[in-house]
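J.: First, the structure itself, so that you have it in front of you.
The values are calculated or read from the model by the stated rules, or taken from the named source; none is laboratory data. Here the structure is a predicted model, which means the values were calculated and not measured. Virtual Cβ from ideal backbone geometry, glycine too; neighbours counted across all protein chains shown. Each accessible area value is taken on the protein alone, full model and side chains, heavy atoms only, with ligands, DNA and RNA left out. Shrake-Rupley method; radii C 1.70, N 1.55, O 1.52, S 1.80 Å.
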Amino acid sequence: MPEPAISICGLRMSYGETEAVRGIDLEVASGEIFAFLGPNGAGKTSTVEILEGYRKRTGGEVSVLGEDPATAGRAWRDRIGIVLQSNSLDPYLTVRESIELYAGYFSRPRSVEETIALVGLGEKADDRARKLSGGQQRRLDVGMALVGDPELLFLDEPTTGFDPSARRQFWDVIAGLRDLGKTVFLTTHYMDEAQRLADRVTIIAGGRIVAEGTPEDLGDRENAAATIRYRDAAGAEVSIETVDPVRELNRLTGEALARGEDLEGLEVTRPSLEDVYLSLTSTAERAGTE
Amino acid sequence: MSALALVGHQFRFDQKAFWRNPASVGFTVFFPVLLLVIFGSIFGGSTVAVRGTHIETDTYYVPAIITMSIISATMQTLAMSLVIAREDGRLKRGRGTPMPSWVFIAGRVGNSIVTAVLMLALLAVIGGLFYGVSFAWERLPAILLVLAVGAASFSCLGIALTAAIPTQDAAAPIVNFLLLPLYFLSGVFIPEDQLPSGIIHFADVFPIRHFFLAFFDAYVPGGAQAVDWGHLLIVAIWGLGGLLLAIRFFRWTPRSG
């Protein structure tokens, strides 16, 4: 098995008396899109800033691309790309100039034009950053991180404040990185974003990891109770929770057919990732305040 | 890229951004020209007593406004633009790349010094064409030396000052609050024969007065020497102090958040 892109063991971070990160372990495989989820104040940003080399940790072992970010130097930063929580663009430089500027910082940059195309800003290449929409500025931000052709890309809450269409365009850009074989460490507090993009999801709450897995099996959703909903002949909403939806559906539809009725608005749902997330993080928060 | 090529690379983009920013062009380029025109119109035609000899008011104001524009291109521009870049997260972002941090600062300082030289040329030409203040070419080496020491020193002071500016909004008020009164008290805006000696003594504590005197002596022939090393040394000591403070207190990450 190849070396993991990121491995963390027993990471702790304290600010004075406050413990933001209380001993977490995690591993991100090379080439994987990894989503790190959690509510505000859960320890997400502290963790990602330690991984990026911005912050010195209080304790634990951290390895990013085989080096300790606290001591790693320029050669290491040549292999990573960082997109911070807020845009950090020069408003008076154009898209092309911003990317050219960052291309100069790295030893083996990608082609500038190719990078502009990759983030879908071909038509905006000669527009100044200040003229771009919020979503376009964010994609430029990603382009400035990608032009160095990094092996590992950090994206810290990249779509906060986006409208739905800007979010979808952004997701297409990130999905495209999978084909380039990049490792992506994505922090977000949007469930749908993690579900859409990530190979693996880890949820942090109150400084501890409360769940990890693929978006599909997180929180054992596969085996959780399903909900069957329909309206009966009188038009009343019926909702049935069952661990065995196949047999239950068979019984319901069989009976309905025998009576010559429809099951209006029939649907079968599993708890969404959002439901799992909310129940996991609220449990952790309660535990934290006790 | 080699470190020097990288500084050139950074400088190229800083120049573009500078000239496209209406606030920086307005304050750094047009404002000093406007002041020269205003002072020339109000006080032109009279004379000023400078250490016993009377000179034309215009001859006084051309080097005075050049002094101010050099401080504006360096200290003022750097303090404001670095705070804006810091609070935008641009400094932090740059720290996350393989570029050495000092290259970013060097690019900005280079931008400021080039702008200062351009302002010297622009104001000297305006002074020559419209106010009959001829440029003493034989003094060029002295002028450039004083400019270099002043630009470097006020650049250091501007970088150091960023540590005392908490937000983007606070940058312009803090910088102006420090500089504007000192321009008046140091004889840059008001001819020194109008200023009480107590005020001159007060202004002597700060570097603006010394830089103005050093630049005036270099620019206006007739004084005893082209380079007044005493004044220049005081400016350089202030600059060194700024450099030490900047090394100790400069921050790359936003204050807010």
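J.: Identify the residue in the range B:81-105 that is modelled with pLDDT under 95 and away from chain A (no Cβ under 12 Å) and, among all such residues, is farthest from the chain's Cα centre (by Cα).
T.: Step by step, filter the range B:81-105, then rank; the result is B:Trp102.
J.: Same structure again: In the range A:197-256, how many residues are in a helix (DSSP H, G or I), modelled with pLDDT of 85 or more and either touching a His at 6+ places or on another chain (Cβ under 8 Å) or among the basic types (Lys, Arg) (or both)?
T.: Residues that pass the stated criteria total 2.
J.: Is it the case that A:Leu118 is under 24 Å from the mean Cα position of the chain (by Cα) and open to solvent by 10 Å² or more (accessible area, probe 1.4 Å)?
T.: In short, yes.
J.: Pull out all pairs, ordered by first then second residue, where Cβ-Cβ is under 9 Å, the residues are six or more apart or on different chains, the first lies in the range B:244-257 and is at the interface with chain A (Cβ under 10 Å from one of its Cβ atoms) and open to solvent by less than 80 Å² (accessible area, probe 1.4 Å), and the second is among the acidic types (Asp, Glu) and part of a loop (DSSP other than H, G, I, E, B).
T.: B:Pro254/B:Asp88
J.: Within the range B:1-68, which helices (runs of 4 or more DSSP H) (wholly inside it) include 3 or more residues that are more than 11 Å from chain A (Cβ to nearest Cβ) and aliphatic (A, V, I, L, M)?
T.: B:31-43
J.: Step by step: first the residues of the range A:1-57, then only those that are assigned to a loop (DSSP other than H, G, I, E, B) and of a type in the set (Lys, Arg), then the one that is surrounded by the most Cβ atoms within 10 Å (Cβ to Cβ). Which residue is that? Let's see the steps before the verdict.
T.: Keep residues of the range A:1-57 that are assigned to a loop (DSSP other than H, G, I, E, B), which gives A:1-5, A:16-17, A:29-32, A:38-43, A:53-57.
Keeping just the survivors that are of a type in the set (Lys, Arg) gives A:55-57.
Working: A:Arg55: 17, A:Lys56: 11, A:Arg57: 22.
Among those that are assigned to a loop (DSSP other than H, G, I, E, B) and of a type in the set (Lys, Arg), it is A:Arg57.
To keep it simple, each residue is scored yes or no on (1) crowded, with 18+ Cβ neighbours inside 10 Å; (2) among the charged types (D, E, K, R).
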{"site": "B:Gln10", "(1), (2)": "yes, no"}
{"site": "B:Arg20", "(1), (2)": "no, yes"}
{"site": "B:Gly40", "(1), (2)": "yes, no"}
{"site": "B:Ile55", "(1), (2)": "no, no"}
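J.: Run down B:Val117, B:Val103 and say which single residue is out of contact with any Cys (no Cβ under 7 Å at 6 or more places or on another chain) and closer than 24 Å to B:Thr59 by Cβ.
T.: After ruling out the rest, the residue left standing is B:Val117.
J.: Right, here's the next one. For residues that are farther than 19 Å from A:Thr188 by Cβ and open to solvent by 70 Å² or more (accessible area, probe 1.4 Å), scanning just the range A:281-290, find the one that is modelled with the lowest pLDDT. Break it down into steps so the answer makes sense when it comes.
T.: Of all residues in the range A:281-290, those farther than 19 Å from A:Thr188 by Cβ come to A:283, A:286-290.
Next cut, open to solvent by 70 Å² or more (accessible area, probe 1.4 Å) only: A:283, A:286, A:289-290.
Values: A:Thr283: 70, A:Arg286: 60, A:Thr289: 48, A:Glu290: 39.
Here the answer is A:Glu290.
J.: I'd like to know if the range B:226-238 contains one or more residues that are part of a helix (DSSP H, G or I), over 22 Å from B:Ala148 (Cα atoms) and either without any contact (Cβ under 8 Å) to a residue 12 or more places away in the chain or touching a Ser or Thr at 6+ places or on another chain (Cβ under 9 Å) (or both).
T.: So in the range B:226-238, the residues part of a helix (DSSP H, G or I) come out as B:229-238.
Now drop any that are not over 22 Å from B:Ala148 (Cα atoms), which leaves none.
No, the range B:226-238 contains no residue that is part of a helix (DSSP H, G or I), over 22 Å from B:Ala148 (Cα atoms) and either without any contact (Cβ under 8 Å) to a residue 12 or more places away in the chain or touching a Ser or Thr at 6+ places or on another chain (Cβ under 9 Å) (or both).
J.: Also, I was wondering about something else. Across the range A:231-280, what is the total count of residues that are open to solvent by 50 Å² or more (accessible area, probe 1.4 Å) and touching a residue at least 40 places away in the same chain (Cβ under 8 Å)?
T.: 4
J.: Of A:Ala194, A:Ala226, which residue is farther than 28 Å from A:Ala145 by Cα and open to solvent by less than 10 Å² (accessible area, probe 1.4 Å)?
T.: A:Ala226
J.: Another one. Mind listing whichever residues of the range A:161-183 are polar (S, T, N, Q) and not in a helix (DSSP H, G or I)?
T.: A:Thr183 - this is the single residue of the range A:161-183 that is polar (S, T, N, Q) and not in a helix (DSSP H, G or I).
J.: Ok, one more. For the range A:63-94, give me each residue that is open to solvent by less than 10 Å² (accessible area, probe 1.4 Å), within 25 Å of the chain's Cα centre (by Cα) and free of Cβ contacts under 8 Å to residues at least 60 places away in the same chain.
T.: A:Pro69, A:Trp76, A:Ser88 - these are the residues of the range A:63-94 that are open to solvent by less than 10 Å² (accessible area, probe 1.4 Å), within 25 Å of the chain's Cα centre (by Cα) and free of Cβ contacts under 8 Å to residues at least 60 places away in the same chain.
J.: Let me ask you something else. Of the conditions (1) assigned to a helix (DSSP H, G or I); (2) hydrophobic (A, V, I, L, M, F, W, C); (3) away from chain B (no Cβ under 13 Å); (4) open to solvent by less than 20 Å² (accessible area, probe 1.4 Å), A:Leu186 fails just one. Which one is it?
T.: (1)
J.: List, please: which pairs have Cβ atoms under 6 Å, are six or more places apart or on different chains, and start with a residue in the range A:42-59 that is within 10 Å of another protein chain (Cβ to nearest Cβ) and end with one that is buried (at least 23 other Cβ atoms within 10 Å of the Cβ) and part of a strand (DSSP E or B)?
T.: A:Glu52/A:Ile82; A:Glu52/A:Phe154
The rows are residues; the columns are (1) under 30 Å from A:Ala129 (Cβ atoms); (2) at pLDDT 95 or above.
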residue	(1), (2)
B:Ser2	yes, no
B:Phe18	yes, yes
B:Ser24	yes, no
B:Val48	no, no
B:Gly52	no, no
B:Thr57	no, no
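J.: Going by the structure shown, is A:Asp127 under 19 Å from the mean Cα position of the chain (by Cα), surrounded by fewer than 17 Cβ atoms within 10 Å (Cβ to Cβ) and not small (Gly, Ala, Ser)? It would help to see each step written out before you state the result.
T.: Details: under 19 Å from the mean Cα position of the chain (by Cα): no; surrounded by fewer than 17 Cβ atoms within 10 Å (Cβ to Cβ): yes; not small (Gly, Ala, Ser): yes.
Answer is no for this residue.
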